[in-house]
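K.L.:
Okay, here's the structure, questions in a sec.
The values are calculated or read from the model by the stated rules, or taken from the named source; none is laboratory data. Remember, it's a predicted structure, so these values are computed and weren't measured experimentally. Positions of Cβ are generated from backbone atoms using ideal geometry, with glycine treated the same way; all protein chains shown enter the neighbour counts. In case anyone asks, the SASA skips ligands and DNA or RNA and just uses the protein heavy atoms, side chains included. Shrake-Rupley method; radii C 1.70, N 1.55, O 1.52, S 1.80 Å.
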Amino acid sequence: QVQLVESGGGLVQAGGSLRLSCAASRTIFTINSMGWYRQGPGKQRELVAEIISGGSTNYADSVKGRFTISRDNAKNMVYLQMNSLKPEDTAVYYCKFVGSRWNAWGQGTQVTVSS
């Protein structure tokens, strides 16, 4: 079973930046997609960004132009560079890996953006 561990969350002022990282506990040979989700207070979990095996990316409209997802296939890691952060970006951020017959979630990392 694959375990994912996120890091890089924290408290930042509006307009600031953070970089989230997500690492897998072991080598994975086939990952169909890697993604970042978030769940804000009183809200449902939503997709923030994902990167598909071929390299294409998808972003939520609310983060387009501000967030960038990237990956390191050799290290089985995915990153989320978050710039121009807004208070509404405050949430617990989760990474998710999807394989052909499995998926795995991280435990989440808190991002708090103060106004």
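K.L.:
Filter segment 58-114 for residues that are among the hydroxyl-bearing types (S, T, Y) and modelled with pLDDT of 95 or more and give the result. Before you say what the answer is, go through the steps one by one.
P.N.:
Going through segment 58-114, the residues among the hydroxyl-bearing types (S, T, Y) turn out to be 59, 62, 68, 70, 79, 84, 90, 93-94, 100, 109, 112, 114.
Selection gives Y59, S62, T68, S70, Y79, S84, T90, Y93, Y94, T109, T112, S114.
K.L.:
If I filter segment 58-70 for residues that are crowded, with 17+ Cβ neighbours inside 10 Å and at positive phi, do I get at least one hit?
P.N.:
No, segment 58-70 contains no residue that is crowded, with 17+ Cβ neighbours inside 10 Å and at positive phi.
K.L.:
Okay, moving on. I'd like to check something: does segment 69-89 contain any residue that is within 24 Å of V113 (Cα to Cα), in a strand (DSSP E or B) and free of Cβ contacts under 8 Å to residues at least 12 places away in the same chain? Break it down into steps so the answer makes sense when it comes.
P.N.:
Within segment 69-89, the subset within 24 Å of V113 (Cα to Cα) is 69-70, 78-89.
From the residues that got through so far, the ones that are in a strand (DSSP E or B) too are 69-70, 78-82.
Checking the rest, the ones that are also free of Cβ contacts under 8 Å to residues at least 12 places away in the same chain come to none.
No, because not a single residue in segment 69-89 is within 24 Å of V113 (Cα to Cα), in a strand (DSSP E or B) and free of Cβ contacts under 8 Å to residues at least 12 places away in the same chain.
K.L.:
Moving on to the next point. In segment 31-53, how many are assigned to a loop (DSSP other than H, G, I, E, B), open to solvent by less than 80 Å² (accessible area, probe 1.4 Å) and not aliphatic (A, V, I, L, M)? Steps first, answer last, please.
P.N.:
Within segment 31-53, the first condition is being assigned to a loop (DSSP other than H, G, I, E, B), and the residues that meet it are 31-32, 40-45, 53.
If we keep only those that are open to solvent by less than 80 Å² (accessible area, probe 1.4 Å) too, we end up with 31-32, 40, 53.
The next check asks that each one be not aliphatic (A, V, I, L, M); those that pass are 32, 40, 53.
Summing the residues that are assigned to a loop (DSSP other than H, G, I, E, B), open to solvent by less than 80 Å² (accessible area, probe 1.4 Å) and not aliphatic (A, V, I, L, M) in segment 31-53 gives 3.
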